[in-house]
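Asks: I have a structure I would like to understand better, so I am pasting it below and will then ask my questions one at a time.
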Amino acid sequence: MPSTTSFPSSKSFLKILTISLLCSICLSKTHIDITDHLSNGSIPLTLRCQSKDDDLGYHKLYPNQPSYTWSFVPSFISKTLFFCHFWFNGKDAVFDVFNQENWGADYCDRYSHSFPWKHISSTCYYQVRDDGFYMSKTNDPWGSGSWSKKHSWGDH
Ligand SMILES: *[C@@H]1O[C@H](CO)[C@@H](O)[C@H](O)[C@H]1NC(C)=O
C-alpha cells in the first residue's frame, strides 16, 4: 500500500512542540524536601504534612539526618496544596509548603542556564533553622545566595 507523507505545516509543528514541552512538565513529579538544621540536636523536630486528600502523618527529624521527602504530580484540576505543621521545643508554625493555586505548578522548577528549555528538577527544599524556615530550589547547603527565609516560628 503506498503511503502518502505530508510535511506538517510549521504551525502544526509548533503546536506539537508546545504540547510535548508542556507535557514533559505536566507529567513530572514535584518533590518536597525538608531538613532539620536546628542547633539543638537533643530534641527532635516534629512535623505533620497534609493535603486535602492526604495526611502524611507525624514525623520526627533530627539534625544531620536524611531529609523528609515526598513527591506528587501537581493536579491542574484540583490545584495541589500541601501544608505542614512544625513543632520544636515549645514553638510551632504552620504554612503551605506547596500551593499550586497561588504559586503555579512550576514554582520549584529549575531549568538549565545554557539550555533554558531543559528541565533540571522540581524540588522545593526547606531548611528548618533556629530563626525560621528557609527555602531554595537547589540543594546546595553552602550556596549562601540560594536560601531565602520564608517563615518564622509562630507563623500560622
Ligand atoms: C536543648 O534543649 C533541651 C530542652 O529544652 C535543653 O535541656 C538542653 O540544655 C538544650 N541543649 C543545648 C546544647 O542547648
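The values are calculated or read from the model by the stated rules, or taken from the named source; none is laboratory data. Just so it is clear, the structure is predicted and the values come from calculations on it, not from any experiment. When we count neighbours, we look across all protein chains shown, and the Cβ atoms used for this are built from the backbone with ideal geometry, even at glycine. Ligands, DNA and RNA are excluded from the accessible area calculation, which covers all protein heavy atoms including side chains. Shrake-Rupley method; radii C 1.70, N 1.55, O 1.52, S 1.80 Å.
Asks: How far is it, in nm, from the label point at Ser39 to the one at Arg110 when both lie 7 Å from their Cα along the line to the Cβ?
Replies: According to this spin-label approximation, the distance is 2.8 nm.
Asks: Now a separate question. Could you state the accessible area per residue of the stretch 49-156 in Å², with a 1.4 Å probe and every protein chain left in place?
Replies: 59 Å²
Asks: Gln65 to Ile77: extension gain in nm, 0.36 nm per residue of separation minus the Cα-Cα distance?
Replies: Between Gln65 and Ile77, full extension yields an extra 0.8 nm.
Asks: Please give me the summed charge of the neighbours of Tyr107: other residues whose Cβ is under 13 Å from its Cβ, Lys and Arg +1, Asp and Glu -1.
Replies: Cβ neighbours under 13 Å give a net charge of 0.
Asks: Moving on to the next point. What's the extension gain from Asp92 to Lys137 if we count 0.36 nm per residue and subtract their Cα-Cα distance?
Replies: 13.8 nm
Asks: Once label points are set 7 Å from the Cα along Cα→Cβ at both Arg129 and His156, what is their separation, rounded to one decimal in nm?
Replies: 2.6 nm
Asks: Using 0.36 nm times the number of residues separating Glu101 and Trp117, minus their current alpha carbon distance, what extension gain do you get?
Replies: Length gained between Glu101 and Trp117: 3.4 nm.
Asks: Here is a follow-up. For the pairs Lys52/Lys118; Lys60/Lys137; Lys52/Lys150, note any where the Cα-Cα span goes beyond 26 Å.
Replies: Beyond 26 Å between Cα atoms: Lys52/Lys118.
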